[in-house]
Amino acid sequence: MTWRLTARSRLTLVYTGLVLAAGLLLTALTYLLLFRSLRLRIDEAMSKLLTQAVPALLVLTALAGLTGWLVAGRILRPIRAISGTADRLSAENLSERVPVRQPADELSALATTINGMLDRIQHGIAERDRILDSQRLFVANAAHELRTPLTTMRTAIDVTLDGEPDRAELIAMAGDIATAVEASQRTLDGLLVLARSQAGPLRRTPVDLAEVAAATVAAAGRAANGAVTLQADLRPAPASGEPVLLERMAGNLLDNALRYNHAGGHVTITSGTANGHAFLRVLNTGPPVTPDEERRLFEPFVRGAANGTRGAGLGLSIVRAVVTAHDGEISATARPTGGMDIAVHLPQAPMFG
């Protein structure tokens, strides 16, 4: 192990050495003056000692002060570098770092600490900018999604009422408006769930993902109407969280698997525990998923090409938000034969009765 002097130790040794050297020099001068003066009378010796020692002491003091100033400036040079770096930093420029000197001492430790703090601040600002950009994009997309059905309703009303519509035209207009209202309601419901999942800490209660999935499968099986085969292998998966959000998560996963499928296809949903986590996994057949679609799968208002314009494009983004709110993880893999393999893992809770 290499032994290194700290900055405090070096300063102590330097100034101790300066004082020692000054004392030795002063002693030598005093001795020399006394030696020469003792040849004269005592009064003349004392007077001569005083008149010669004072100027010598003043000169020695000035030299010691100058030397101490230069030495201290050299030792404290890293602090000036730290101060200069801090002056040049701003919210727009956090890339510069304080140079770390060798050997390692208190000043290099200070520089390392400041650099670590700057790294955290820069990361925090980058994360803030990313979140703000995401929020701006989300608001813009939400405004667009809500404006589209409103435009549809306005167009249906204007076209139908531009003249003397008969009963059939009024019924068609009402159908168009009902469809647009339903689309708006789905979008608003999705936005509310997203906001709720990101509002803060959740009130957690014991939840079995198997029971949540079973209720979702029962409802989805009726909706599928035999067009897609639905298989379930649900084993106990104890977790904790907010049941309403977890039910919406499971429902969106299953709805997505059914929506992006084809006649005669199948969906398999399983649950259980593994490696300290409760999991819910959904596999489905369907059209091939491109790498770009796979990458953007969980972004808000993104729809698969095979889905056309159905849905608000919020289903899987809600799933991700709910999983994140429950401190879980989600993975999605495009299957080579088409369709997706999506798995949710939540921290496992103790078995409950």
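The values are calculated or read from the model by the stated rules, or taken from the named source; none is laboratory data. It should be emphasised that the depicted structure is a prediction, and the values quoted were computed from it without experimental measurement. Here the Cβ is made from the backbone with ideal geometry for all residues, glycine too, and neighbour counts use every protein chain on show. With ligands, DNA and RNA removed, areas are computed over all heavy atoms of the protein, side chains included. Shrake-Rupley method; radii C 1.70, N 1.55, O 1.52, S 1.80 Å.
Among the residues of region 258-298, those that are in contact with a strand residue (DSSP E or B) (Cβ under 6 Å, 6 or more places away or on another chain), outside any strand (DSSP E or B) and under 15 Å from SER331 (Cβ atoms) comprise VAL289, GLU294, LEU297.
So that you can scan it fast, the table gives a plain yes or no per residue for (1) touching a Leu at 6+ places or on another chain (Cβ under 6 Å); (2) modelled with pLDDT of 80 or more; (3) within 30 Å of ARG77 (Cα to Cα):
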position: ALA104; (1), (2), (3): no, no, yes
position: GLN135; (1), (2), (3): no, no, no
position: GLU164; (1), (2), (3): no, yes, no
position: VAL193; (1), (2), (3): no, no, no
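When PRO149, PRO165 are checked against the criterion of being surrounded by 14 or more Cβ atoms within 10 Å (Cβ to Cβ), out of contact with any Pro (no Cβ under 7 Å at 6 or more places or on another chain) and not in a helix (DSSP H, G or I), a single residue qualifies: PRO165. State whether one or more residues within region 37-54 are modelled with pLDDT under 70, among the hydroxyl-bearing types (Ser, Thr, Tyr) and surrounded by 15 or more Cβ atoms within 10 Å (Cβ to Cβ). Yes, the conditions are met somewhere in region 37-54. For ASP87, the conditions (1) open to solvent by 70 Å² or more (accessible area, probe 1.4 Å); (2) modelled with pLDDT of 75 or more; (3) part of a helix (DSSP H, G or I) are fulfilled apart from (2). Assess whether MET340 counts as being more than 18 Å from the chain's Cα centre (by Cα), open to solvent by less than 80 Å² (accessible area, probe 1.4 Å) and either at pLDDT 90 or above or over 23 Å from GLU293 (Cβ atoms) (or both). Criteria met by MET340.
Scanning region 234-290 for residues that are open to solvent by 50 Å² or more (accessible area, probe 1.4 Å), aliphatic (A, V, I, L, M) and either within 19 Å of PRO206 (Cα to Cα) or touching a residue at least 40 places away in the same chain (Cβ under 8 Å) (or both) yields a total of 2.
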